[in-house]
Amino acid sequence: MQSIFKVNPDNLIEQVQQIADDKFKSLDRVLAEKTEQAQLYIEVTRDTKKQTGKVFRASGRLVVDGNSYYAKSREETIGLSIERVRDGLLRKVRASRGRTARLMRRGGSALKSLLRFGRK
């Protein structure tokens, strides 16, 4: 999986890369054979107006086979905000995979009922 990072302030880039590499290993397992084609864009910024509280904002976009998934988070630490983004992306990838299978079954069922021509 290709990962692209955008970090503000710039002195946090190494820390963000290390945390993201650790956190997004579980995403490789979910993507299976599509891992090589996947692109992950991560943006982490620090809110300059706040001193305490939820000062780190992370957003992530995952592009796989033309499908784009987006998640964002605002937390107290960099690691926690990246973890929330990962959880959001995992949830969306799993939901779309289930949706695709469900639509295939419904389409197959509709086609089968059409081929019966009113028979049961």
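Computed from the coordinates by the stated procedures, all read-outs in this text should not be read as laboratory data. Since the structure is predicted, the reported quantities are computational estimates derived from the model, not experimental observations. Note that we place each Cβ from the backbone using ideal geometry, even for glycine, and neighbour counts take in every protein chain shown.
Structure above, values below:
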| read-out | value |
| --- | --- |
| Computed [θ] at 222 nm, helices only, for the chain once each DSSP H run of length n ≥ 4 contributes -39500 (n - 2.57) | -16000 deg cm²/dmol |
| Choice from LEU27, LEU40, LEU103 showing the highest fluctuation, given a GNM over the chain with Cα pairs closer than 10 Å | LEU103 |
| GNM result for the chain, Cα springs below 10 Å: residue of GLN17, GLN37, GLN51 fluctuating most strongly | GLN51 |
| Under 13 Å, Cβ to Cβ, from GLN15 - net charge with Lys/Arg +1 and Asp/Glu -1 | -2 |
| Segment 2-116: C-alpha gyration tensor shape, a/c 1.5 cut-off, then a/b vs b/c | prolate |
| Residue of ASP28, ASP65, ASP47 that the Gaussian network model of the chain assigns the largest fluctuation, springs spanning Cα pairs under 10 Å | ASP65 |
| Positive minus negative residues near SER68 (Lys, Arg vs Asp, Glu; Cβ under 13 Å) | +1 |
| Number of Lys pairs (Cα under 21 Å; 8 or more positions apart or on different chains) in the chain | 19 |
| Relative contact order computed over the chain (Cα-Cα under 8 Å; 6+ residues apart), in percent | 21 |
